[in-house]
1. Among the listed residues 56, 38, which satisfies the condition of being within 11 Å of the chain's Cα centre (by Cα) and touching a residue at least 40 places away in the same chain (Cβ under 8 Å)?
2. Count, please, the residues in segment 109-118 that happen to be outside any loop (DSSP other than H, G, I, E, B), open to solvent by less than 40 Å² (accessible area, probe 1.4 Å) and either over 21 Å from residue 29 (Cβ atoms) or in contact with a Gly (Cβ under 9 Å, 6 or more places away or on another chain) (or both).
3. Give the residues of segment 12-24 that are closer than 20 Å to residue 86 by Cα and either open to solvent by 30 Å² or more (accessible area, probe 1.4 Å) or assigned to a strand (DSSP E or B) (or both), sorted by residue number.
4. Filter segment 69-108 down to residues that are of a type in the set (Val, Ile, Thr) and at pLDDT below 95 and give me whichever is most open to solvent (accessible area, probe 1.4 Å).
5. Within segment 64-108, considering only strands (runs of 3 or more DSSP E) that don't extend past its boundaries, which have at least 1 residues that are without any contact (Cβ under 8 Å) to a residue 40 or more places away in the chain and not hydrophobic (A, V, I, L, M, F, W, C)?
6. Which numbered condition trips up residue 40, out of (1) under 18 Å from residue 5 (Cβ atoms); (2) touching a Ser or Thr at 6+ places or on another chain (Cβ under 7 Å)?
7. When the residues of segment 25-56 are narrowed to those that are more than 24 Å from residue 84 (Cβ to Cβ), of a type outside the set (S, T, N, Q) and in contact with a Gly (Cβ under 9 Å, 6 or more places away or on another chain), which ends up most open to solvent (accessible area, probe 1.4 Å)?
8. Give just the number: which of (1) part of a strand (DSSP E or B); (2) open to solvent by 10 Å² or more (accessible area, probe 1.4 Å); (3) not charged (D, E, K, R) does residue 121 not satisfy?
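The values are calculated or read from the model by the stated rules, or taken from the named source; none is laboratory data. The model shown is predicted, which means the values in this text are computed figures rather than measured ones. Every residue, glycine as well, gets a Cβ built from its backbone with ideal geometry; the counts of neighbours run over all protein chains shown. Keep in mind that these areas ignore ligands, DNA and RNA; they rest on the heavy atoms of the full protein, side chains included. Shrake-Rupley method; radii C 1.70, N 1.55, O 1.52, S 1.80 Å.
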Amino acid sequence: QVQLAESGGGFAQPGGSLRLSCAAPDPMHNIKIMGWYRQAPGKQRELVAGLTTGGRRDYADAVKGRFTITGGVTNNTVYLQMNSLKPEDTAVYYCYADPSPYFAGGQPELWGQGTLVTVSS
């Protein structure tokens with residue numbers, strides 16, 4: 001069941017930037033982390049970034065230094081600023097939210113329908 005709403009995907013050239021947004025239409029209870037994961041065609045789902053209620057930010061090694069997650073669970077919103085985009089960043093990006101601040105995979109409690117990011121010259 002889709003319960004989060006993403007926006008901001010689209011097309012970018014290598015080296016370009018995009019900003020993804022995610023909002024929860026209803027108040028969330030017991031959620032301790034919001035973040036993003038992605039899935040490219042033919043590849044496994046990959047956690048990209050997470051932001052906990054305590055302010056901890058986690059990033060996948062592939063995006064460190066290029067992507068920044070902001071927002072907060074208390075505001076029911078989270079954003080992903082993606083800079084220096086590469087073709088290998090092409091994927092469907094999904095927002096997620098979970099009660100565990102140590103969420104590291106599997107099925108989150110809440111997720112969105114996904115937004116496509118395409119990086120190509």
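1. Values: 56 fails: within 11 Å of the chain's Cα centre (by Cα).
Going through 56, 38 in turn, the sole match is 38.
2. Going residue by residue through segment 109-118, those that are outside any loop (DSSP other than H, G, I, E, B) are 110-112, 115-118.
From what is left, the residues that are open to solvent by less than 40 Å² (accessible area, probe 1.4 Å) are 110, 112, 115, 117.
Subsequent filtering for residues that are either over 21 Å from residue 29 (Cβ atoms) or in contact with a Gly (Cβ under 9 Å, 6 or more places away or on another chain) (or both) retains 115, 117.
Counting residues in segment 109-118 that are outside any loop (DSSP other than H, G, I, E, B), open to solvent by less than 40 Å² (accessible area, probe 1.4 Å) and either over 21 Å from residue 29 (Cβ atoms) or in contact with a Gly (Cβ under 9 Å, 6 or more places away or on another chain) (or both) gives 2.
3. Just the residues of segment 12-24 that are closer than 20 Å to residue 86 by Cα, to begin with: 12-21.
Matches in segment 12-24: 12, 13, 14, 15, 17, 18, 19, 20, 21.
4. Filtering segment 69-108 down to residues of a type in the set (Val, Ile, Thr) leaves 69-70, 73-74, 77-78, 90, 92.
Going one step further and asking which of them are at pLDDT below 95, we end up with 73-74, 77.
Values: 73: 20, 74: 125, 77: 31 Å².
The residue in question is 74.
5. Working: elements: 67-72, 77-82, 91-98.
By residue number, 67-72.
6. Residue 40 satisfies every listed condition except (1).
7. 32
8. Here residue 121 clears every test but (1).
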